[in-house]
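This report refers to the structure that appears directly beneath it.
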């Protein structure tokens, strides 16, 4: 007898087939992850220096602006990464 989970997965696979990726696609996805991880780290290091200077000077407005800027930049990079990953997944 199959479990409810197994039955649900069978139904799901009938309606939405699982996409199979090639080794090249997996390699490209891993490379994208690596590149964007480095970009995020680079931006974070630059921001930490600016934050340290702003904090030391007691400029709370600048600190808040920098934190908001970092959140926006991180979201932009994450969206860019997902867009590029989706293009790789769709290529065949």
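Laboratory data are not the source of any read-out in this text; all were calculated from the coordinates shown. This one's a predicted model, so the numbers in the text were calculated from it and none came from an experiment.
Using Cα pairs closer than 8 Å and at least 6 residues apart in sequence, work out the relative contact order for the chain, in percent.
39
What residue among 26, 53, 14 has the largest mean-square fluctuation in a Gaussian network model of the chain, using Cα springs under 10 Å?
Highest fluctuation among the options: 14.
How much length, in nm to one decimal, is gained on full extension between residue 79 and residue 14, taken as 0.36 nm per residue of separation minus their Cα-Cα distance?
Length gained, residue 79 through residue 14: 20.4 nm.
Taking only Cα atoms and a 10 Å spring cutoff, compute GNM fluctuations for the chain and point out the largest among 64, 73, 44.
64
Using 0.36 nm times the number of residues separating residue 49 and residue 21, minus their current alpha carbon distance, what extension gain do you get?
Extending this stretch completely gives an extra 6.0 nm.
Just from its helices, what would the mean residue ellipticity at 222 nm be for the chain, if runs of 4 or more DSSP H residues each count -39500 (n - 2.57) and the sum is divided by every residue, rounded to the nearest 500 deg cm²/dmol?
Taking each H run of at least 4 residues, the total per residue is -30000 deg cm²/dmol.
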